[in-house]
Amino acid sequence: MVRLSDDLLDALREVINIGVGKAAGTLNELLGHHILLEVPQVVVLGPDEMAAHLCQRPDETVSLVVLQFSGQFSGLSTLMFTSDSASKLVDLLVGEETPVDELDVIKTGTLTEVGNILLNAVMGSIGNLLGSRLSYTIPTYQEGALGQLLQPIIRQESAALEVTTRFTVQSRQITGEFLLLFEVLSFDTFVAALETALQG
Amino acid sequence: MEPLSDSLLLLDAVPIGVLVLSEQLLIRCWNRILADWTGVSSEQAVGRPVAELAPQLTTPRYLSRIRPVFAGGPPVLFSPQLHPHLIPCNRPDGAPRIQQTTVTPLSLDGTTHALLAVQDVTDLVLTARESRQLHQQALDEIRRREEAEEALQAGAQRLRAIVENTVEAIIVINQRGVIEEFNPAAERIFGYRALEVIGANVRMLMPEPYRAEHDGYLERYLTGGASHIIGVGREVTGRHKDGGTFPLHLAVGRMALGDGVAFVGVLHDITDQKRLEEHLRALSMRDGLTGIYNRRTFDEALEREWRRALRQGQPLGLVMLDIDFFKRFNDSRGHQAGDACLKAVAQSVASAVYRPADLAARYGGEEFVALLPETGPEEAARIAERIRQGVELLAIPHGASDVAPQVTVSLGTASIRPRADQDAAQLVNLADQALYGAKSNGRNRVVAAPAVPSPGGAVTG
């Protein structure tokens, strides 16, 4: 697997930061509250690291929005909220207390849309930077134990870009974790495209 | 197989609203479903700016999200929860359709268009909303119950604290008389630890003969429902662990407990109270100044002894006496000396009558009486003489008496063997007349009443 140089990582971090910033602006309008955004952390994970990293809390219940992409490079883009963060978001958006354990249409619809906004912003920024035309599926929503949801995905993928972003709305802290999972060889293509784009 | 050419026909067949927009935001396709929903036909819609039919879509808020689609960006979702009415249209019943809209890129004539797929999810959303409300109601109900439960527990704890700390002894027994509860105050007054008595029959806290009676009380209460003790307090006798007995005040309440009943006894040790009562009773029988019995006690004793004498056919004797020239004594020597004199004479009278049944009392100001059961006229006169000598021997200087230098008394005596047609007042009258005789015959002497003639002429005594 190709390693990302520090320079590339910095550039990637900046691109993602711009994307997340856009998403925050959109969410801002949706929520009607000002959103405070922290600079996202970007980490590259190899297959072993992914497994080790994600299996630290396999039983945690999470909400997962998944967007598949394919083209020059292929993989999955996922956004994950802890059930606590998911509930806070839905509360803010729908204005009702949402039972933490409940998976219902309202929560699904709302969280899928929030995931859609954030994922589109990040993927859009990367796509723009690389000038790559990718095709996407419609995003899907899943909820369950972290291990159960991610385990089957991770096995098939080669590398991941983990982006952790924290935002605070009305003094509530909400944490979302992006995971860009690349298919075998796709990560190398991605890095090559990144190098080309930044040098050009 | 030939690819389908007439894509519009296809779009008209799908059961969702389909809207295709060019990058200039002109309507390129408006399918049958949308025409049905909005009442605007495909012919009317195609070619017009979308702002005329769905103005919301062209506001910056939506446009900023839709724009990237024209550049081939990822699909955009508008959830029914946050954007329910993107395309203004109502259901046949007039309610606005709740919509879920997905925007995906669509290549058409070599340029990228935006395809909006609009699903009517009104039923789904309303059902979800309803179930959410039901769910919330259920949660509220649970919370209310939990709160009530907590309040109950707090109440129970408080009750427990009250039971543990009250000065009243509290004992709970079941319908078989078995002790179930025994609080610290009960431990104190009975001397038992709770562990020693819980499970035992409450009889152990009672001395004989109450012990044997208790089961009967319970039985009667449980079968007949009547009780002399439920609800009202009364005095009972308790038995201490050391075997001693003590007076208790006991009030019993009944409480339904599951399918049985339990009895809650609230008790306090009234030893001190009884002692005080006894003391007060003794005080009320005595004359405040002289300490010997008072007039009321004498009157009661007279009636009692009269009836006894009548029953037993025994004579009842009475001595009445009066201090000679007491008013003069008071005037010349002062009231304090007068009081001291009264006390001394009272003691003298009391010490002259020493049989248990005899009773010496202050009858009035300087008048005293001695009630002498089973005493005939001679014996009564003898006792009177003893009193007279006793007072004389006190040698209290008088200084204003016509008869002696010291304080003296005049005494009248009487004795009657009571009959049913007489009453106790007659005895008092006789003694009083005799006292009058003693005073008019020079004082400092004893005069015995003449014998009372019986109806049949017989002489009593």
Rounded to 5, percent antiparallel among DSSP beta bridges of the protein assembly as shown: 95
field: Extension gain (nm, one decimal) between B:ASN201 and B:ARG355, 0.36 nm per residue minus Cα-Cα
entry: 50.7 nm
task: Return a whole-number percent for the relative contact order of chain A, with Cα pairs under 8 Å and 6 or more residues apart as the contact set.
output: 35
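Any idea what diffusion coefficient chain B gets from Stokes-Einstein, in µm²/s, Kirkwood Rh on alpha carbon pairs, 4 °C, 1.567 mPa s?
39
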- line: Of the residues A:ILE18, B:LEU372, A:GLN173, the Cα lying farthest along the dipole of the protein assembly as shown towards its positive end, which is defined by charges on the beta carbon of Lys, Arg, Asp and Glu, belongs to B:LEU372
task: Could you check what % of the DSSP bridge pairs in chain B are antiparallel, to the nearest 5?
output: 95
field: CD proxy at 222 nm, helix term only [per DSSP H run n ≥ 4: -39500 (n - 2.57); per residue of chain B; nearest 500]
entry: -13500 deg cm²/dmol
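Would you mind getting me the FRET efficiency between A:ARG166 and B:GLU43? Use the beta-carbon distance for r and R0 = 51 Å, nearest 0.05.
On the way: r = 52 Å, r/R0 = 1.02.
Efficiency for this residue pair is about 0.50.
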statement: Diffusion coefficient in µm²/s returned for the stretch B:7-120 by Stokes-Einstein, Kirkwood Rh over C-alpha pairs, 25 °C and 0.890 mPa s, is 175
task: Round to the nearest 10 and give me the degree value, 0 to 90, for the angle of helix B:377-394's Cα axis relative to the longest principal axis of chain B.
output: 80
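For the stretch B:287-448, what is the relative contact order in percent, using Cα pairs closer than 8 Å and at least 6 residues apart in sequence?
On the way: 324 pairs, mean separation 49.2, N = 162.
Relative contact order for the stretch B:287-448 comes out at 30 percent.
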message: For the pair B:ARG275/B:ARG158, report the inter-label distance in nm, with labels modelled 7 Å from Cα in the Cβ direction.
response: 3.7
- line: Taking Cα pairs closer than 8 Å and at least 6 residues apart, the relative contact order of chain B in percent is 8
- request: Based on alpha-carbon positions alone, could you give the equivalent ellipsoid semi-axes of the stretch B:166-274 from the gyration tensor, as √(5λ), descending, whole Å?
  value: 21, 15, 14
- prompt: lysines near B:LYS343 by alpha-carbon distance under 29 Å, same-chain residues fewer than 8 away left out - which ones?
  reply: B:LYS327, B:LYS439
- prompt: Once the Cα atoms of helix B:122-165 and of chain B are each reduced to a long axis, what angle between those two axes, in degrees from 0 to 90 to the nearest 10, is obtained?
  reply: 20
message: Quick check: pseudo-label points 7 Å beyond the Cα along Cα→Cβ at A:GLU38 and B:ARG307, how many nm apart are they?
response: 10.0
- prompt: So for chain A, taking the charge dipole from beta-carbon charges (+1 Lys/Arg, -1 Asp/Glu), which of A:GLY144, A:LEU161, A:SER87 sits furthest toward the positive end?
  reply: A:LEU161
task: Please give the contour-minus-distance gain from B:ARG286 to B:GLN347: 0.36 nm per residue of separation, less the Cα-Cα distance, rounded to one decimal in nm.
output: 20.7 nm
statement: Once both label points are put 7 Å beyond Cα along the C-beta direction, the B:HIS85-B:VAL167 separation in nm becomes 7.4
task: Starting from the Cα gyration tensor of the stretch A:6-199, multiply each eigenvalue by 5, take the square root, and state the resulting semi-axes largest first in whole Å.
output: 26, 20, 14
task: Show that you can apply the helix-only estimate: for chain A, add -39,500 (n - 2.57) for every DSSP H stretch of four or more residues, divide by all residues, and state [θ] at 222 nm to the nearest 500.
output: -16000 deg cm²/dmol
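Using a 10 Å cut-off around each Cβ of peptide A:132-142, what is the average number of partner chain Cβ atoms that fall inside?
3
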- prompt: At q = 0.08 Å⁻¹, what base-10 log of I(q)/I(0) does the Debye formula yield for the protein assembly as shown when every alpha carbon is treated as an equal point scatterer in vacuo?
  reply: -0.82
statement: Relative to chain B, whose Cα atoms define the longest principal axis, helix B:335-352 and its Cα axis are tilted in degrees, nearest 10, by 80
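Every number here is computed from the coordinates shown, using simple stated rules; none is lab data. All values reported here derive from a predicted model rather than from experimental measurement. Heads up, the Cβs are rebuilt from the backbone with ideal geometry, glycines too, and the neighbour counts pull from every protein chain shown.
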